[in-house]
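A short write-up of the structure that comes next.
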Amino acid sequence: MANCPVCDDTGFKYIERTEKGRSVRRATRCDCQLEQDSARLLDAAHIPVRYFDCSFARFHPPDEPSGSLARAKVAAETFADNYPSVRGGLLIVGDIGVGKTHLSVAILKQLIRKRVRCLFSDYRELLKQIQNSYNPSVQETESDILRPVFNTEVVVLDELGAVRPSEWVWDTVSLILNSRYNNRLTTIITTNYPDLPPAGAGDDTDSAAKAAKRAARPESLGDRIGERMRSRLHEMCDVIEMRGKDHRTTRQRSVGSVPLRKS
């Protein structure tokens, strides 16, 4: 028995068109095939299970329409709607728990419906996988791990800067970003660090007071990935800023405040 009543599992359906004043019957791909394509692309995107339900419809900014979270949602939806006509990618900067990953996944899911090949990559997990590949007992090589990051049309690199910087980390970030930049591929990046230069950048003088001020200053994206790569990001991406309270802790407090029903 056929699973698809429209095409009898052939993968094609027929539509009637009017061409030059006469009716013509043409074959086209059935909707069931298009749904299967989307399912395959969604599976290949490796979106973590905890983010499966993320969508624009489920993102409810708690601020006013003119607030940064509401503006961020509009900017993300506009980006997804206009792709591939948009220029470059996105750098989504903001506080912890404001919905940066939610919006980035919502973009991927909408692009997948357009048959765009996408990939979600957690920055910390990616670096761990690369380091593990140096173990002789591991079958997967560094090239195997990086190939989809280099080649997929749209990649989300989540929580950039989350790993403490080192020369190896900086070299790896440089390799990834430069490869995607040179190949004109779209990259969507999220980070919890403010989009600022490294501490002391542009300051040629040194004093105990200035050193103390730098030490007290919160770490920036420039501190975590280096100013050269931060500058490259600004060539690759438009910046979206999201400011607000951590909705995860707010939700936990709300749940915790619900009184238990007496038996």
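Just so you know, all these numbers are worked out from the coordinates, no wet-lab data involved. Note that this is a predicted model, so its numbers are computed, not measured. Cβ coordinates were reconstructed from backbone atoms using ideal geometry, including for glycine residues, and neighbour counts include every protein chain displayed.
Brief remarks follow.
- Sequence ranges 223-234, 150-161, 45-56, ranked by mean other-Cβ count within 10 angstrom, highest first: 150-161, 223-234, 45-56
- Stretched out straight at 0.36 nm per residue, the stretch from Asn151 to Ser55 would grow longer than its current Cα-Cα span by 32.1 nm.
- Which listed pairs, of Lys114/Lys245; Lys73/Lys128; Lys73/Lys114, have C-alpha distances above 24 Å, in listed order: Lys114/Lys245; Lys73/Lys128
- Based on the Kirkwood approach, the hydrodynamic radius assigned to the range 45-254 is 18.2 Å, with every pair of different Cα atoms included.
- Applying 1/(1 + (r/R0)^6) with r as the Cβ-Cβ distance of Arg17 and Ser166 and R0 = 45 angstrom yields a FRET efficiency of 0.15.
- Spin-label model distance (nm) - Ser133 vs Asn182, 7 Å beyond Cα toward Cβ: 1.6 nm
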